[in-house]
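Please treat every number below as a calculation from the coordinates, not as lab data. Quantities reported herein were computed from a predicted structural model and do not represent experimental measurements. As a convention, Cβ positions derive from the backbone with ideal geometry for all residues, glycine included, and neighbour counts pool all protein chains shown.
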Amino acid sequence: MPLRVQLDYGSGVPVFRQIFDAVAAALATGEIAPGEQLPTIHALARELDVNPNTIVRAYRELEHAALVVSERGRGTFPVERAGPLVHKDGVLRKALGRMFRECEREGFSQAEVMLFLRREIR
């Protein structure tokens, strides 16, 4: 199963998080079907030209988010109930990403944006 992951080293987003987001989006859209094995750690590391530990971290985070399960000797597989939750998370992540990039372009620091958000949420 070819997993489409586009890494952007200039985005400021850690590579493991970009991989996490790509897999989460593929799960949400059905690009990765329930029961379909994700690429092995070494295969995906070779394909993306990253350290295998980066893939390990992304897969571990996916497990902690209850999106995948790793079975020793078999591989990593999606959890069947992940779809809607992943989609909502992905939508929010993209919206916040756009907001933070726009704030950065306007000259706001992350601390200023976070302070504003904390005040507005109350």
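Normalised by the number of residues in the stretch 15-121, the average gap of Cα pairs under 8 Å and 6 or more apart makes the relative contact order 29 percent.
Under a 5 Å amide H cut-off, with hydrogens placed 1.01 Å from N, VAL68 pairs with GLU63, VAL79 among residues at least 5 apart or on other chains. Amide H contacts for THR40 (H built 1.01 Å from N in the peptide plane; partners 5 or more residues away or on another chain; cut-off under 5 Å): none found.
Taken one residue at a time, the phi angles of the stretch 30-43 give Karplus couplings (6.51, -1.76, 1.60, θ = phi - 60°) of x, 4, 9, 7, x, x, 7, 6, 6, x, 5, 4, 6, 5 Hz. Gly and Pro are set to x.
Around the amide H of VAL13, modelled in the peptide plane, lies no amide H under 5 Å away from a residue 5 or more places distant or on another chain. Note on ARG93 and HIS42: the model spin-label points, each 7 Å out from Cα along the C-beta direction, lie 2.7 nm apart.
Which residue, ARG60, ARG105, ARG93, tops the fluctuation ranking in a GNM of the chain built on C-alpha contacts under 10 Å? Its mean-square fluctuation being the largest, the pick is ARG105.
Phi-derived couplings, Karplus 6.51 cos²θ - 1.76 cosθ + 1.60 at θ = phi - 60°, listed residue by residue for the stretch 62-78: 5, 5, 4, 7, 6, 9, 9, 10, 9, 10, 3, x, 10, x, 10, 10, x Hz, with x used for Gly and Pro.
For volume of the Cα convex hull per residue in Å³, one of (1) 221; (2) 171; (3) 120 was computed from the structure I shared and the rest are decoys. Which label? Working out volume of the Cα convex hull per residue in Å³ from the coordinates points to (3).
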